[in-house]
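Enquirer: Got a structure for you, written out below as C-alpha cells; questions coming shortly.
The values are calculated or read from the model by the stated rules, or taken from the named source; none is laboratory data. Source: prediction; values computed, not measured. Ideal geometry is used to build each Cβ from the backbone, glycine not excepted, and the neighbour counts take in all protein chains shown. Ligands, DNA and RNA are stripped out before the accessible areas are found, and what is left, the full protein with its side chains, is counted by its heavy atoms. Shrake-Rupley method; radii C 1.70, N 1.55, O 1.52, S 1.80 Å.
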Amino acid sequence: MRQRLKIGTAHVDFSDSTIDGPNGRASMEPKVMKLLRVLSGQPGVVLSRETLLDDVWGVDYGGDESLSRAISLLRKAFGEERGKHQYIETIPKRGYRLIADVEIVEQNREALSENSRAPRALASLYRHINARTAGLFVGFTVLALVGLLFFWTQPSAVRFTDDDTGLAFLNTPQDAINQKSIAVLPFADLSGTGDQQYLADGLAEEILNAIIKFPDIRVIGQTSSFMFRERQANLNEIGSTLKVRYVLTGSLRKQRDQVRISAQLVQTDDGHVLWSKTYDESTNDIFDLQENIAQAIARNLDLALDASTEGPLVAELTDDQEAYDLFLQGRELSRRFGHQSKVNAVGLLERATQTDPQFAAAWAWLGRTKMLLSISSKGSETNQLVAGARSSVDRALMLDPNLAMGHYTKSMLQDYDLDFAGSLDSIETASALDPNQPFLVIRRGYYHALIGDIAKAERLMKDGLRRDPTDAVGLLNLAIVKLSVGDVDAAAKLLTRSNDLGFMPARGWLCLIAPLQNGMNSADKCWKDLPDNLKGRYAPVFEGEDAWRTLSNAQFGDDVAARKKVIEWLDVHFKQPDARANAYLLGIYLGLGEPKRFMDIFVAHPFPINAPTIASIWMDQKSYRNLRQHHEFPAFAERIGLVRAWQKYGWPDQCKKAAGTDGSNGRFTCR
C-alpha cells in the first residue's frame, strides 16, 4: 500500500520512507517518518514536545535529544536554511508545528470503501487545507479519510502471519474469522477545534467494552484496535491484520454541548455496510448514545447475552458531564508514557472525583495512575503516592464492589504489600467480573506465571494475545513463560515482536538471553549498546561508561573483580535510608549468584510493580534454580504469599509439599 503527500514543494513517500526535497531524495529513519506523520496529521497546529515524545518515542525511546535530532533531519531533507523555516516552525517554550501546505498525492484506491461517501468528501476537503489556517481543521487528520487510523511504522508490529515457533498461535483459523469477530476502531474527531479526540476515543472504548460482554463474538482488544492511528489502511488489510470479519468505524463532531456521532458497521472483505447511522444529541446523553450503538451492533450481528446478564450494556459511569469529561482526559493521559503525563492525569482525575465524589471509575483510575506515577517519582514521594492510591481504590470499591478496574488496581497495591496470594485473588475477581477483556485475561495468566503455574499461564496469555496481538507487555510476559520451560527460540521471537512494537524492556531481555543463543560476546555487545533510557533503569548505582562496562564484564565475562565490585556497589546503595529497589537492580543480584541478597532486599525495600521480579524466578537457568533451592526460600515464599496461593490454586511443578502437610512453615522443597 502506498501513501504519498506533497508538503510544500517536497514529495513524501511513507511507504519507502523517503523525502524528495530540493537537495534530492533522502531516506529517513522510521522514527523520523513517524514524527512527520504526526506533524502532517495536524498541520498548522502547535504540538508540544511532550506530545511528540509520547506519540513517537514513548517512555522507552529517545528523549529531547532524539526529538531535536529528528526535527533537524526533517528540516535538512526539506532544504530549510538555518533560521529560515518554511516547513517546521519552532514555537518557543511550546513545541513545533508544520507550516507548509499539505496535499495528498497518492493513496491506495481501495482505502476508501465504495459504500462510504462521507470519507470521500473528507478526503477532498483535506486536500485543500492550508496549513497556516488549519487550526479550524485539526480533526481532519489523515485518519479521517476512511474513519480509520494509521498503522505503527514498524512493519512487524502489524503482521501476524508467522508460522515460526512462538508466534504461530497468533494465527486465527479462517472459520473463526468467517464467524463473528469485530474490531472497534478509534472514532475520528471532526470537531472544529480538533481537541475532542479523548472524547471520541472514550466513545469507541465504551462501545468496545459493551460488545465484549457478548460471549458469542470475538472482540479485538483496545491496544490492537487503536493501533490504526498512524497509517492509512484499507478495510481488507485491517481485516487481514486483526483477523476480523467486521469493523466499527465512526466520527464525532462536538459543538458546545451538542455532539454529532456517525457510526458504520462494515464487512472487511468487501466493504459492505451492514448498518450506518448518525446521531445528533446533547453531550448529557453520551451514555445513551453508546448504548444505542452497542445495541444496534448486537441486533445486526445477532448477538445474545448470557441469560444471567441484566441491565444496560453501557454503564452510566456518572451523571455529571463535567466529571466525565475530566475523567476521559485523565484516563487518556494516564495511558501515555512519561512522568509528566501521569502528573497531569492525576490532576484531572482528582478534579473528576471532586466534581462527582460518587464516580467509582474515576477513583479507580486515580489509584492506578498514582501507583504508576510512583515508579518514576522520588523515593520520598513513593509512600505518599501509594497511600493515596490505596485510599482511592478503597473508595472506588466501596462505591462499586463489582468494578473490575478497582479489583485490578487493588492487585497492584497487594503486590506492593508483598501479598501475592491476595493479588491473584483480586485478579481472579476482576477477571470474573469482565471475563472477555483481553487485558485481564493476559494479566490473569501473568499472575499464574508468578505462582509457577506455567501451563495455565501460557494458555491464558495466548488466549488474551489472540484477541489483542499488539499487547507488547503481554508478549514479553509470555516470553518469560517460554523461558521457564526452556524454549529460548520461542522466547526470542516473542521478545523481538515486543521490541518491534516499541516496548524497550524487551530489548534488555534479548540481551540477557543472548548468551543462550549466540554466546557471551554477542551478549556483551548487546548490553553495551542498550539505549541510555534503558540504562537509566540501573541508576544511580550504575551511571557512566566505566560503571556500565564493569557491570557488563561482571554479567557476561569471567571477571571476578568486576563481580565483586558490582555486588559491593549494590550493597552500598541499599544501605542508604531512601534507597529504591527495582526489578533491574534485583535481577543483577540473582544473575551474579546472590539469592540471599535478592530475597533480603526484595522484602526490605518494597517497590511498585514488583511482580515481574517474582514471575521470572521459575525460569530454567542456574541462578533461578539456586534461588528456589536456597534454604531460606521457603520462608521467603511464605512471607510474600506464594505458599498461601499454592494452597488455594495448586502447587507448581517445581515445588512439592511434604507428605501429610499443607506446605506451611517451610514444609516443602523446590527444584
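Enquirer: So, in the range 600-624, of the ones that are in a loop (DSSP other than H, G, I, E, B) and not β-branched (V, I, T), which residue ends up surrounded by the most Cβ atoms within 10 Å (Cβ to Cβ)?
Expert: P608
Enquirer: How about the range 182-227: which of its residues are open to solvent by 10 Å² or more (accessible area, probe 1.4 Å) and assigned to a helix (DSSP H, G or I)?
Expert: Listed by number, the residues that qualify are Q197, Y198, D201, E205, E206, N209, Q222, T223.
Enquirer: So, in the range 412-429, of the ones that are closer than 17 Å to W646 by Cα and not in a helix (DSSP H, G or I), which residue ends up least open to solvent (accessible area, probe 1.4 Å)?
Expert: Ranking the qualifying residues of the range 412-429, first place goes to L418.
Enquirer: Regarding the range 653-668, can at least one residue be identified that is in contact with a Phe, Trp or Tyr (Cβ under 9 Å, 6 or more places away or on another chain), outside any helix (DSSP H, G or I), without any contact (Cβ under 8 Å) to a residue 60 or more places away in the chain and of a type in the set (V, I, T)?
Expert: Yes, that holds for at least one residue.
Enquirer: Can you tell me which residues in the range 318-337 are within 21 Å of the chain's Cα centre (by Cα) and open to solvent by less than 10 Å² (accessible area, probe 1.4 Å)?
Expert: So the first thing to find is which residues in the range 318-337 are within 21 Å of the chain's Cα centre (by Cα), and the list is 327-337.
F327, L328, G330, S334, listed by residue number.
Enquirer: A further question follows. Checking the structure you have, find out if any residue of the range 466-475 is open to solvent by 10 Å² or more (accessible area, probe 1.4 Å), part of a helix (DSSP H, G or I) and either hydroxyl-bearing (S, T, Y) or within 19 Å of L516 (Cβ to Cβ) (or both).
Expert: no
Enquirer: Next question. When you scan the range 532-540, do you find a residue that is within 20 Å of T613 (Cα to Cα), part of a loop (DSSP other than H, G, I, E, B) and either touching a Lys or Arg at 6+ places or on another chain (Cβ under 9 Å) or of a type outside the set (S, T, Y) (or both), even just one?
Expert: yes
Enquirer: Working carefully through the options D487, D500, D434, find the one that is over 17 Å from the mean Cα position of the chain (by Cα), farther than 28 Å from C670 by Cβ and surrounded by fewer than 23 Cβ atoms within 10 Å (Cβ to Cβ).
Expert: D434
Enquirer: Turning to a different aspect of this structure: Scan the range 647-663 for residues that are on the phi > 0 side of the Ramachandran plot and crowded, with 18+ Cβ neighbours inside 10 Å and jot them down.
Expert: Answer for the range 647-663, where residues must be on the phi > 0 side of the Ramachandran plot and crowded, with 18+ Cβ neighbours inside 10 Å: just G663.
Enquirer: Which one is farthest from L53 (Cα to Cα), of the residues in the range 341-371 that are assigned to a helix (DSSP H, G or I) and out of contact with any helix residue (DSSP H, G or I) (no Cβ under 6 Å at 6 or more places or on another chain)?
Expert: Of everything passing the filter in the range 341-371, Q354 is farthest from L53 (Cα to Cα).
Enquirer: Further, regarding this structure: Can you tell me which residue in the range 155-168 is nearest to the chain's Cα centre (by Cα), limited to those that are open to solvent by less than 50 Å² (accessible area, probe 1.4 Å) and at pLDDT below 70?
Expert: Pass one, the range 155-168, residues open to solvent by less than 50 Å² (accessible area, probe 1.4 Å): 156-158, 160, 162, 166-168.
Those left that are additionally at pLDDT below 70: 156-158, 160, 162, 166-167.
Working: S156: 16, A157: 13, V158: 15, F160: 18, D162: 22, G166: 21, L167: 19 Å.
Applying the filter and picking the extreme gives A157.
Enquirer: How many of the residues making up the range 50-80 are more than 18 Å from F503 (Cα to Cα) and at pLDDT below 75?
Expert: 2
Enquirer: Sticking with this structure for a sec: Can you confirm whether R507 is buried (at least 22 other Cβ atoms within 10 Å of the Cβ) and basic (K, R)?
Expert: Considered against the rule, which asks whether it is buried (at least 22 other Cβ atoms within 10 Å of the Cβ) and basic (K, R), R507 comes out as no.
Enquirer: Would you mind telling me which numbered condition in (1) farther than 30 Å from K370 by Cα; (2) under 26 Å from the mean Cα position of the chain (by Cα); (3) open to solvent by 50 Å² or more (accessible area, probe 1.4 Å) A315 fails?
Expert: Condition not satisfied by A315: (1).
Enquirer: For D269, indicate whether it is within 13 Å of F214 (Cα to Cα) and not in a helix (DSSP H, G or I).
Expert: For D269, the condition - within 13 Å of F214 (Cα to Cα) and not in a helix (DSSP H, G or I) - is not met.
Enquirer: Which condition number in (1) over 17 Å from R335 (Cβ atoms); (2) touching an Asp or Glu at 6+ places or on another chain (Cβ under 7 Å) is the one that G221 fails?
Expert: For G221, the failing item is (1).
Enquirer: Out of (1) outside any helix (DSSP H, G or I); (2) surrounded by fewer than 21 Cβ atoms within 10 Å (Cβ to Cβ); (3) at pLDDT below 85; (4) not basic (K, R), the odd one out for D302 is which?
Expert: (3)
Enquirer: Would you mind finding the one in G24, G83, G41 that is of a type outside the set (D, E) and modelled with pLDDT under 75?
Expert: G83
Enquirer: Which of the residues belonging to the range 561-599 are touching a Phe, Trp or Tyr at 6+ places or on another chain (Cβ under 9 Å), under 30 Å from R368 (Cβ atoms), open to solvent by 20 Å² or more (accessible area, probe 1.4 Å) and assigned to a helix (DSSP H, G or I)?
Expert: A583, Y584, G587
Enquirer: Cβ-Cβ under 8 Å, sequence separation 6+ or interchain: first residue in the range 517-537 and within 16 Å of L495 (Cα to Cα), partner of a type in the set (V, I, T). Which pairs?
Expert: Cβ pairs passing all conditions: Q517/V488.
Enquirer: How do the pairs read when you match residues in the range 17-29 that are surrounded by fewer than 12 Cβ atoms within 10 Å (Cβ to Cβ) with residues anywhere that are part of a strand (DSSP E or B), using Cβ under 7 Å and keeping only pairs 6 or more apart or on different chains?
Expert: S27/T18
Enquirer: Among (1) in a loop (DSSP other than H, G, I, E, B); (2) more than 30 Å from A455 (Cβ to Cβ), where does N553 come up short?
Expert: Failing condition for N553: (1).
Enquirer: Starting from residues that are open to solvent by less than 80 Å² (accessible area, probe 1.4 Å) and among the β-branched types (V, I, T), keep the ones in the range 1-16 and report whichever is nearest to F228 (Cα to Cα).
Expert: Across the range 1-16, the extreme among qualifying residues is V12.
Enquirer: Which members of the range 436-458 meet the condition of being under 20 Å from A360 (Cβ atoms) and in a loop (DSSP other than H, G, I, E, B)?
Expert: Scanning the range 436-458 gives a single hit, Q437.
Enquirer: Name every residue in the range 625-646 that is open to solvent by 80 Å² or more (accessible area, probe 1.4 Å) and over 20 Å from G591 (Cα atoms), in order of residue number.
Expert: Listed by number, the residues that qualify are R639, R644.
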